[in-house]
Amino acid sequence: MKKLLLLLPVLIFLVTCSSPDKKTQLEKLKKEHARISEEITILEKELNPAGNEPVIMVNIDTLVRGLFEHYIEVQGRIDGNENIGVSPRSPGVVSKILVKEGDFVRKGQVLAELDADVLKRNLKDLETQLAYVTDLYDKQKSLWDQGIGSEKQFLDAKNGKESLQNKVDAMKEQINMSNITAPIEGTVEDIPIKVGQMAAVGIPAFRVINFSKAKAVADVGEAYSAKIKTGDQVKVFLPDFNEEMVEKVTFASKFINPTNRTFVVEVELPHAANNFRANMIAVIRIKDYSNPSAISIPQNYIQSSKNEGLFLFIEKEENGKKVARKAYIETGITYNGLTEITNGLKEGDKIITAGYKDLYEGQIIDYK
């Protein structure tokens, strides 16, 4: 207890001594604040000696009406107007392949032969029989012309000859069906078969493409079925060539694919562009909206506020000064960075295109 009583005066002394130090420090800070404020005021007067409100430099653009278009963009592919997978008309083992990939072929040209040895032997037997019955017929006809022999003998000989002739023709047709021929004129692009392999009906053994007429093909979503029709203007962009062509829809299918809910759109391409490759990427831009007298502005000029909605700053003349005022707007479709303005702006309005991020309502502005 005695020790505590001895320590109490010491503590009181320390607290008493610390209070004046804090007061001194506070007074010092106040003086420093006053000094800095005075320096700020001096600098502001030097920068703006007339005491005017600061002016913000901006860029201005005057609105004019013009064409605004919206396009549906879908990724498609390049294809030949004639792109055919060629399969044999009868099954058989491949004995010869007479062309190679890249060869140009004519319509009807034989591309490959299937094994037809049995058929050819049968044909040889039939031709031997035909030669025999033809000789009999010729003799019987000669006798008949001379009035010798019965009519039945003549007709039997004639019927026998014609029957065998039909069998020979049918066998030749069957042998001819063992040849795989080109149905169109074009270039052989793919040969998935090999000699000795079994070729089946309905399974392509060759792919022949004719690019004298090329087209862009795309699958378009069902939602656009009412907006796209034959004759609509389209833009076809080829990324590989960095080239864009303006063409028209040549075919818009009336069939909706039930699997992916799309329909086919085709656009014929000019004959002069002969560097196309099958399945090359083609971006098809189909115009679905056009306004020849629209007010449209870059999308990034538009600002939004939770309470005020969409707006942008325009220039107004007030009391001989240029000031920034908010123009509240309603927007329509946006395409390729441009937004159509449906309400809130008119032709001749001067919109602020640079420096608008630092503006507030009524801010004095200027521009070169």
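The values are calculated or read from the model by the stated rules, or taken from the named source; none is laboratory data. Values in this document were obtained by computation on a predicted structure and should not be read as measured data. With ideal geometry, Cβ positions are generated from the backbone for all residues, glycine too; neighbour counts draw on all protein chains shown. In case anyone asks, the SASA skips ligands and DNA or RNA and just uses the protein heavy atoms, side chains included. Shrake-Rupley method; radii C 1.70, N 1.55, O 1.52, S 1.80 Å.
Using unit Cβ charges (K, R positive; D, E negative) and no other charged atoms, how large, in debye to the nearest 20, is the dipole of segment 252-362 about its Cα centre?
220
Suppose all protein chains stay in the model; what accessible area per residue would a 1.4 Å probe give for segment 164-234, in Å²?
51
Work out Dmax and Rg for segment 247-368 from the C-alpha atoms and quote the Rg first, both in angstrom.
22.4, 67
Can you give me the % of accessible surface on segment 225-335 that is carbon or sulfur? Probe 1.4 Å, all protein chains present, nothing else counted.
About 46 percent, which is the carbon plus sulfur part of the accessible surface.
Given a Förster distance of 45 Å, report the FRET efficiency between T62 and E101 from their Cβ-Cβ distance, rounded to the nearest 0.05.
Once rounded, the FRET efficiency stands at 0.15.
Once the Cβ-Cβ distance between V264 and D115 is put in as r, and R0 is 51 Å, what FRET efficiency do you end up with, to the nearest 0.05?
Using R0 = 51 Å, I get an efficiency of 0.80.
Counting only protein heavy atoms and using a 1.4 Å probe, what share of the accessible area of segment 131-181 belongs to carbon plus sulfur, as a whole percent?
Reported share for carbon and sulfur atoms: 50 percent.
Can you tell me how segment 63-109 classifies by the Cα gyration tensor, rounded, prolate or oblate, using a/c under 1.5 as the rounded cut?
Prolate shape, in that a/c is at least 1.5 and a/b is the bigger ratio.
Under a point-charge model restricted to the Cβ atoms of Lys and Arg (+1) and Asp and Glu (-1), what is the dipole moment magnitude of the chain relative to its Cα centre, in debye to the nearest 20?
1220
Could you name the lysines in cross-link range of K306, using Cα to Cα under 21 Å and dropping any fewer than eight places away on the same chain?
By straight Cα distance, K306 reaches K326, K357.
Counting only the heavy atoms of the protein chains, how much of R285 is accessible to a 1.4 Å probe, in Å² to the nearest 10?
50
Cα gyration tensor of segment 94-143, axes a ≥ b ≥ c as square roots of the eigenvalues: rounded (a/c below 1.5), prolate (a/b > b/c) or oblate?
Taking the square roots of the gyration eigenvalues as a ≥ b ≥ c, segment 94-143 is oblate.
Averaging sequence separations of C-alpha pairs under 8 Å and six or more residues apart, then dividing by the length of the chain, give the relative contact order as a whole percent.
Here the relative contact order equals 25 percent.
Measuring from the lowest to the highest alpha carbon on each principal axis, how far does segment 104-261 reach, largest first, in angstroms?
For segment 104-261, the Cα spread along each principal axis is 83, 38, 31 Å.
Divide, for segment 30-144, the radius of gyration over alpha carbons by 2.2 N^0.38 Å, where N is the residue count.
Computed over Cα atoms of segment 30-144, the ratio equals 3.60.
Determine, from the Cβ-Cβ distance of R325 and E38 and an R0 of 30 Å, the FRET efficiency 1/(1 + (r/R0)^6), rounded to the nearest 0.05.
The pair R325/E38 has a calculated efficiency of 0.25.
Within a Cβ distance under 14 Å of D117, other residues only, what is the Lys/Arg minus Asp/Glu net charge?
+1
What shape does the chain have by the C-alpha gyration tensor, where a ≥ b ≥ c are the square roots of the eigenvalues, rounded means a/c under 1.5, and otherwise prolate means a/b greater than b/c and oblate the rest?
Because a/c hits 1.5 or more and a/b exceeds b/c, the chain counts as prolate.
Starting from the Cα of K213, draw a straight line to each of the aspartates and glutamates and keep only those under 13 Å, dropping any in the same chain fewer than 8 residues away.
Of all the aspartates and glutamates, those that pass the test against K213 - Cα under 13 Å, at least 8 places apart if same chain - are D79, E82, E185, E266, E268.
For segment 52-191, what is the charge dipole size about the Cα centre, in debye to the nearest 20, if Lys and Arg each add +1 at the Cβ and Asp and Glu each add -1 at the Cβ?
Dipole size: approximately 920 debye.
So for the pair K23, D232, with labels modelled 7 Å out along Cα→Cβ, what separation do we get in nm?
Result for the modelled spin labels: 8.6 nm.
Would you tally the net charge around V86, using a Cβ to Cβ cut-off of less than 14 Å, leaving V86 out, and scoring K and R as +1, D and E as -1?
Net charge around V86: -3.
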